[in-house]
Amino acid sequence: MFKKLPFILMTLTFVLVLAACGAKNDAGTTNGTASNGSGDNTAAELSGNILAVGSTALQPLVEQAGQKFMAVDQYKNVTVQVQGGGSGTGLTQVSDGQATIGNSDVFAEEKLKDEAKAKELVDHQVAVVAIAPVSNKDAGVTDLTKEQLVDIFSGKITNWKDVGGKDQAIVIVNRPSSSGTRATFENFALGTKVEDIQGSIQEDSSGTVKKLVSETPGAIGYLALSYLDDKLQVLKYGGVEATVENVEAGTYPVWAYQHMYTKGEPDAATKAFLDYMLSDEIQQNDVKELGYIPVSGMKVKRDAAGNVTQ
C-alpha cells in the first residue's frame, strides 16, 4: 500500500490542478464579457442623466431625438432632459457645469466674453437652421428687403403701409440679447445689431414668438424653419425664399449651425447621445421632418467670423 501512496497523491494533485484551471478559465470568460469595452453588453450598461439647455431653435430636434434615444433598449438607463432659455444661457450653463450640453445657434466664441471658457467647450455640430422673417398674415406683405427690415427693427418704419402693406401699426416681437436666433438674424439678415425700441415685445421662447405673431395684428418677428406653418406669413428676404435648397446652395444667407457644446470631451452616455444625433436615423428623418438641414447637405461653409466659403 505504501508503494501506491505516491501514485495516489500525484493523481489527486493532477485533478486539483485541472479543477483550478477550469475555474480560472470560467472566471476569465465572465470578466472578459463584462469589461471588454465592446459589443452590446457594454452599451446596455450605459447610464446617466443628460441635461441639454439653450437654443429654443434647436430644442424641438433635441427633444424628439432624446425621446427616441431613451426608447432604444441599450440606452434605457440614460435620461435626457431638454430645456430652452436661449443660446447664451446654454453656453453659460455648460461652461459652469450646470448642464451637460449647451445647445447654441452661434459659435461659443461669438457669445462667451471669456475666451478661456470658450476654448474649454467642444463643438458638436448636429444640423443647420435657417431663420425667416415672419409677420401676421393680415399685414399685407410677402417680401422685405434687407434695408426695410433694418428700418422696421430699428423703429424708422412703424406702419406696414410704408412697405406696401396695410395701414396698420407694426408690432415688433423680438428675442432677448442672449438669444442665438436673434444673433443669427441680426448678423445675417440685418447686418447690424439693433436696440430694443419702445413698444416692442421681447420673448425668450420661439414658441411664444410664433403664437404672438400669429395672433397679434401687425406683428413681425423671426423664427427657425422648424416653427413655420400656415398660421404665419413667411416673408421672402430680398426676393429669396427661406427654403432648404436655397440655404444649401448659399443663396439664402440667414442660417446658422446648430451646436451642441460639451465642456471637454463628453462622458460615455453623452457621447452615445451625440453620436445618435449624427446617425442616419436622426439626420435623414427627424432633422429633415422638423425643418432643419443636415450639415452634410450644405454646399457652403461658414466660420465663427461669418466668412462663407464653398
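The values are calculated or read from the model by the stated rules, or taken from the named source; none is laboratory data. Owing to the predicted nature of the structure, the values given are computational and were not obtained by experimental measurement. For neighbour counting, all protein chains shown are included, and Cβ atoms are generated from backbone atoms with ideal geometry for every residue, glycine included. We work out accessible area using only protein heavy atoms, side chains counted, and drop any ligands, DNA or RNA first. Shrake-Rupley method; radii C 1.70, N 1.55, O 1.52, S 1.80 Å.
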Average Cα contact separation per residue, the chain, under 8 Å, 6 or more apart, as relative contact order %: 23
CD proxy at 222 nm, helix term only [per DSSP H run n ≥ 4: -39500 (n - 2.57); per residue of the chain; nearest 500]: -10000 deg cm²/dmol
Within the chain, percent of DSSP bridges classed antiparallel, to nearest 5: 60
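Roughly how many percent of the accessible protein surface of the chain is carbon and sulfur, given a 1.4 Å probe and a whole-percent answer?
Ligands and nucleic acids excluded, carbon and sulfur give 52 percent.
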Dipole of the chain [Lys/Arg +1, Asp/Glu -1 at C-beta], most positive-end residue of 190, 295, 173: 295
Top positive-direction residue, dipole computed over the chain with Cβ charges, set 148, 219, 60: 60
Label point at residue 275 placed 7 Å out along Cα→Cβ; residues across the stretch 60-87 whose backbone nitrogen lies under 17 Å: 66, 69-79
Electrostatic dipole magnitude of the stretch 130-249 [Cβ: Lys, Arg +1; Asp, Glu -1; Cα centre; debye, to 20]: 140
For the chain, size of Cβ-based charge dipole, Lys and Arg +1, Asp and Glu -1, in debye: 800
Set of lysines near residue 119 by C-alpha distance (under 30 Å), chain-local residues within fewer than 8 positions excluded: 111, 193, 263, 271, 299, 301
Candidates 126, 240, 254, ranked by Gaussian network fluctuation over the chain, Cα under 10 Å, top entry: 240
Cα gyration tensor category, rounded, prolate or oblate, for the stretch 251-296 with a/c compared to 1.5: oblate
Residue 208 paired with residue 154, simple spin-label distance in nm, labels 7 Å along Cα-to-beta-carbon: 2.8
1.4 Å probe accessible area per residue over the chain, in Å²: 50
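Which whole-number percentage describes the relative contact order of the stretch 130-249, with Cα contacts under 8 Å and a sequence gap of 6 or more?
Values: 215 pairs, mean separation 51.9, N = 120.
Normalised by residue count, the contact order of the stretch 130-249 is 43 percent.
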Net charge dipole size for the stretch 239-310 [Lys, Arg +1 and Asp, Glu -1 on Cβ; Debye, nearest 20]: 300
Shape category assigned to the stretch 130-249 from the gyration tensor of Cα positions, a/c cut at 1.5: rounded
C-alpha center-to-center spacing [the stretch 133-177, the stretch 215-250] in angstrom: 13
Over the stretch 89-164, relative contact order from alpha-carbon pairs under 8 Å, at least 6 apart, %: 19
Cβ-Cβ FRET estimate between residue 193 and residue 162, R0 fixed at 22 Å, reported to 0.05: 0.45
Label point distance in nm, residue 246-residue 120, each placed 7 Å from Cα along Cα→Cβ: 4.1
